[in-house]
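Chemist: Dropping a structure here in structure tokens format, bear with me for questions.
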Amino acid sequence: MSEFTHINDKSMPVIVDVSEKKVTKRLATARAVIALPESVFDALQQADFTTKKGAVLQTAVIAGIMAAKKTGELIPLCHPLGLDNCSIDIQANNNQELVISCTALITAKTGVEMEALTGASIAALTIYDMCKALSHDIVIKEIKLMEKQGGKHDFKRA
């Protein structure tokens, strides 16, 4: 048997068979961090700030949730899931960065790490897209899993 879950013993890609797994409540949280030039960061702190494309942070939240819901269509061999809940939170920190957290929740036989990672990623890309007219010095610094619960192994990053 292959050590990779999505490759069979003939080195062919497969979707993981979850038919024998137990249905459990599963949660995953992912984070994306975006570094912004001072002018863009300051603009995004204004409550009434919009670009020609619309309200940046609100649009990023919607895009992230929509992306999480479509993860099974975007990532090969990822199970299509009907999420029970998905939330996106965007906070500014003291380093001229936006920190995006995406939490996905489901009661199912498989986890939602990819949904959380996809949601955080697309929210970050949406902010980049909506602000690129202001500056191309926007950097998506990291996208990483912060926590997962349910299934075989729980995980929480400090």
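The values are calculated or read from the model by the stated rules, or taken from the named source; none is laboratory data. Everything numeric here is computed off the predicted structure, so don't read it as measured data. For neighbour counting, all protein chains shown are included, and Cβ atoms are generated from backbone atoms with ideal geometry for every residue, glycine included.
Chemist: Between E113, E97, which is under 30 Å from A43 (Cα atoms), of a type in the set (D, E) and modelled with pLDDT of 95 or more?
Modeler: E97
Chemist: Among D89, D9, D48, which is acidic (D, E) and under 29 Å from A158 (Cα atoms)?
Modeler: Answer to the selection: D89.
Chemist: Starting from segment 8-20, take each residue that is within 22 Å of G151 (Cα to Cα) and surrounded by 12 or more Cβ atoms within 10 Å (Cβ to Cβ) and list its partners that are of a type in the set (S, T, Y) and modelled with pLDDT of 90 or more, counting only C-beta distances under 8 angstrom and pairs at least six apart or across chains.
Modeler: Note: pairs meeting the criteria are V16/T110; V18/T110.
Chemist: Right, another one. Within segment 21-46, restricting attention to residues that are among the basic types (K, R) and over 19 Å from E97 (Cα atoms), which residue is surrounded by the most Cβ atoms within 10 Å (Cβ to Cβ)?
Modeler: This residue is R26.
Chemist: How many residues does segment 20-60 hold that are polar (S, T, N, Q) and under 25 Å from D84 (Cα atoms)?
Modeler: Residues that pass the stated criteria total 4.
Chemist: If we scan segment 33-56, do we find a residue that is closer than 19 Å to I143 by Cα, part of a helix (DSSP H, G or I) and within 13 Å of the chain's Cα centre (by Cα)?
Modeler: no
Chemist: In segment 113-141, which residue that is aliphatic (A, V, I, L, M) and within 10 Å of the chain's Cα centre (by Cα) is surrounded by the most Cβ atoms within 10 Å (Cβ to Cβ)?
Modeler: Top of the filtered list is A120.
Chemist: When you check A60 against the structure, is it closer than 30 Å to I90 by Cβ, at pLDDT 90 or above and in contact with a Cys (Cβ under 9 Å, 6 or more places away or on another chain), yes or no?
Modeler: Judged against the criteria, A60 is not a match.
Chemist: Mind telling me which of the residues A43, A104, A108 ends up being in contact (Cβ under 8 Å) with a residue 60 or more places away in the chain and either more than 25 Å from F155 (Cα to Cα) or in contact with a Pro (Cβ under 8 Å, 6 or more places away or on another chain) (or both)?
Modeler: Criteria check complete, one pass: A43.
Chemist: Okay, moving on. Sort out which residues of segment 59-89 are in a loop (DSSP other than H, G, I, E, B) and among the β-branched types (V, I, T), and write them in order of number.
Modeler: Hit for segment 59-89 is I75, nothing else.
Chemist: Identify, from the list G151, G64, the residue that is buried (at least 18 other Cβ atoms within 10 Å of the Cβ) and at positive phi.
Modeler: G151
Chemist: Still on this structure, I have one more. Report yes if some residue within segment 31-44 is acidic (D, E) and at pLDDT 90 or above; otherwise report no.
Modeler: Among the residues of segment 31-44, at least one is acidic (D, E) and at pLDDT 90 or above, which makes the answer yes.
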